[in-house]
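The values are calculated or read from the model by the stated rules, or taken from the named source; none is laboratory data. The structure displayed is predicted, hence computed values, not measured ones. No Cβ is skipped: glycine too gets one built from the backbone with ideal geometry, and neighbour counts run over all protein chains shown.
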Amino acid sequence: MQSVIGNIDPVAFRLGPLEVAWYGIIIVTGMFLAVWLSMREANKRGIGEDFIIDLAFWIIPAGIIGARLYYVLFELPTYLADPIRMFYFWEGGLAIYGGLILGFITMYWYSHKNDVPVWLLVDILAPHVMIAQAIGRWGNFINQEAHGGEVSRQFLERLQLPEFIIEQMNINGTYYHPTFLYESLWNLVGFILLMILRAKDRLLLRGEVFLGYLAWYGLGRFFIEGMRTDSLYIGDFRVSQLLSLLLLVSSIGLIIYRRFYVYPRPPYYTEGVEPEKVYKEKKKKYHQKNN
């Protein structure tokens, strides 16, 4: 996954012996935007911005650790040869699925601990995580990683790409597919769609924003991953493609199941925390009656 950096210096600035990488700046920018947007939305839905701030202190480190651990586990021989490099996350090598998995586990634990509705919380967070991912992919651009196979310069010019993107895709004299850009744009479109749908009163049930995020991201990542040259593998299969397909199928299945086969039906997203107690009571009585 490592390459010789072209015309963009991966180091943004230096403070004495300390080097601050563009990769880290871009990742942190995406995180701060996600937290700020989530704070605003949480206030609207009755959870409160203080909870989001407290959650961020747990979920952001967990997400970074999960993303790095996931990547290291699938590249273990490389890192065992030079173990200290396991901690050099600013060089790249953060697998988003690892971050999502450990981040979700942390969020689930913290929301239960504070009696905050999990499905409502993930609906608040999901679109903002997607825009953070769209921003974060530009860190891969700076590091010249997460790219696709070889293409011609003419191919990139036909995409009407700016010169700085075309030249950054020139790695050791060879041009490559800017798959970082494809995924960034896919996530940006997904963010816009989810934000529009989420604002519609009584359109989405609680949990469907999150499930829509999983389906949209899974669909795009499945195809984009097939173009990349740096995928993590299990045998002959790309790990991210398998996970993407699983997310796509399971999220669509859950939407259908919760819409048509679950009683009582979950509240609408726009109702916020208000109907939670009523829903829990209905659910409790229903299960008592049928058990």
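A few notes on this one:
- In segment 14-58, the residues that are in a helix (DSSP H, G or I) and small (Gly, Ala, Ser): Gly24, Gly30, Ala34, Ser38, Ala42, Ala56
- Asp201 vs. criteria assigned to a loop (DSSP other than H, G, I, E, B) and exposed (fewer than 14 other Cβ atoms within 10 Å of the Cβ): yes
- Some residue of segment 258-266 being in a loop (DSSP other than H, G, I, E, B), over 21 Å from the mean Cα position of the chain (by Cα) and in contact (Cβ under 8 Å) with a residue 24 or more places away in the chain: yes
- Filter pass, Arg221 being assigned to a helix (DSSP H, G or I), among the basic types (Lys, Arg), at negative phi and surrounded by fewer than 15 Cβ atoms within 10 Å (Cβ to Cβ): no
- Screening segment 11-55 for residues that are of a type in the set (Ser, Thr, Tyr) and crowded, with 19+ Cβ neighbours inside 10 Å and picking the one that is nearest to the chain's Cα centre (by Cα) gives Ser38.
- Taking helices (runs of 4 or more DSSP H) as the structural unit, those lying wholly within segment 106-182 and holding at least 3 residues that are small (Gly, Ala, Ser) and either more than 21 Å from Asn43 (Cβ to Cβ) or at pLDDT 95 or above (or both) correspond to 118-143.
- Of all residues in segment 224-253, those being over 23 Å from Val129 (Cα atoms), surrounded by fewer than 14 Cβ atoms within 10 Å (Cβ to Cβ) and either of a type outside the set (Asp, Glu) or within 20 Å of the chain's Cα centre (by Cα) (or both) number 4.
- Scanning segment 254-264 for residues that are surrounded by fewer than 12 Cβ atoms within 10 Å (Cβ to Cβ) and either at pLDDT below 95 or under 12 Å from Leu214 (Cβ atoms) (or both) yields a total of 3.
- The residue that is nearest to Leu125 (Cα to Cα), among those in segment 25-61 that are of a type in the set (Phe, Trp, Tyr) and free of Cβ contacts under 8 Å to residues at least 12 places away in the same chain, is Trp36.
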